[in-house]
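For reference, the structure discussed in these notes is given below.
The values are calculated or read from the model by the stated rules, or taken from the named source; none is laboratory data. All of these numbers come straight from a predicted model, not from anything done at the bench. Here the Cβ positions follow ideal geometry from the backbone for every residue, glycine too, while neighbour counts run over all protein chains shown.
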Amino acid sequence: MLLILPVFLGIVFAIMEMGNIAFWIIVLNHATYECARIGAMKAWSPNTGLGGSPNDMTALMQGEFSTMIKSPSAKIISTSEATLTDPQSGNQNYDLFVQGSMDVQMLFPISSVLMSSPIVCPQGPGGGKCTMTVNMRMPVEQPIPR
C-alpha cells in the first residue's frame, strides 16, 4: 500500500489535471471562434467596405471575450489579411485572423509542477499555470454587387 498509493494518486491527479486543461482548451476554442465570428460579421459594411481597423475589431472582440472568459489574463489579438480576389464580384476578400490566449491555473500542487513544465506547457509561465493559445481564421466576404 505504501509503495503503490503515491503512484496511483499521482496518476489519478494527472488524469484530473489533463481533464481540467482539456476543459479550458474547449472553452478557449469556442470563445475565440465566437469572437472571430462577431469580428467577421462586423468587419464588412456595405457603405464603407472593410469597416474599422484591426485595432477596432480587437477592442470589440476583447469586450466579448472578457465576458465569455472571466479571467484577467484572457487576451485577444486580431489582424485582417487579404485573400484571393473573388472572380464574381471583382473585389478583394479578407480573412480575420484571431488569436485568443489565457493562463490556466492548475488544480493540484504536485501534478501542476510537472504539467506546467516547459515540456508540457512551452508558452509558460510555469509555477502552477499554463498559457493556452488558440488561433482562428474567419473569412470576411464581400457581398456580390447587384
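Only one residue in SER66, SER53 is of a type in the set (Gly, Ala, Ser), at pLDDT below 80 and out of contact with any Leu (no Cβ under 8 Å at 6 or more places or on another chain), so which one is that?
Selected residue: SER53, the only one of SER66, SER53 that is of a type in the set (Gly, Ala, Ser), at pLDDT below 80 and out of contact with any Leu (no Cβ under 8 Å at 6 or more places or on another chain).
The rows are residues; the columns are (1) in contact with a helix residue (DSSP H, G or I) (Cβ under 6 Å, 6 or more places away or on another chain); (2) outside any loop (DSSP other than H, G, I, E, B); (3) surrounded by fewer than 12 Cβ atoms within 10 Å (Cβ to Cβ); (4) at pLDDT 75 or above.
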{"residue": "SER71", "(1), (2), (3), (4)": "no, no, no, yes"}
{"residue": "ASP103", "(1), (2), (3), (4)": "no, yes, no, yes"}
{"residue": "VAL113", "(1), (2), (3), (4)": "no, yes, no, no"}
{"residue": "ILE119", "(1), (2), (3), (4)": "no, no, yes, no"}
{"residue": "THR133", "(1), (2), (3), (4)": "no, yes, no, yes"}
{"residue": "ARG137", "(1), (2), (3), (4)": "no, yes, no, yes"}
{"residue": "GLN142", "(1), (2), (3), (4)": "no, no, no, no"}
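Among the residues of the range 74-91, count how many are modelled with pLDDT of 85 or more and either assigned to a strand (DSSP E or B) or among the polar types (S, T, N, Q) (or both).
The total comes to 4.
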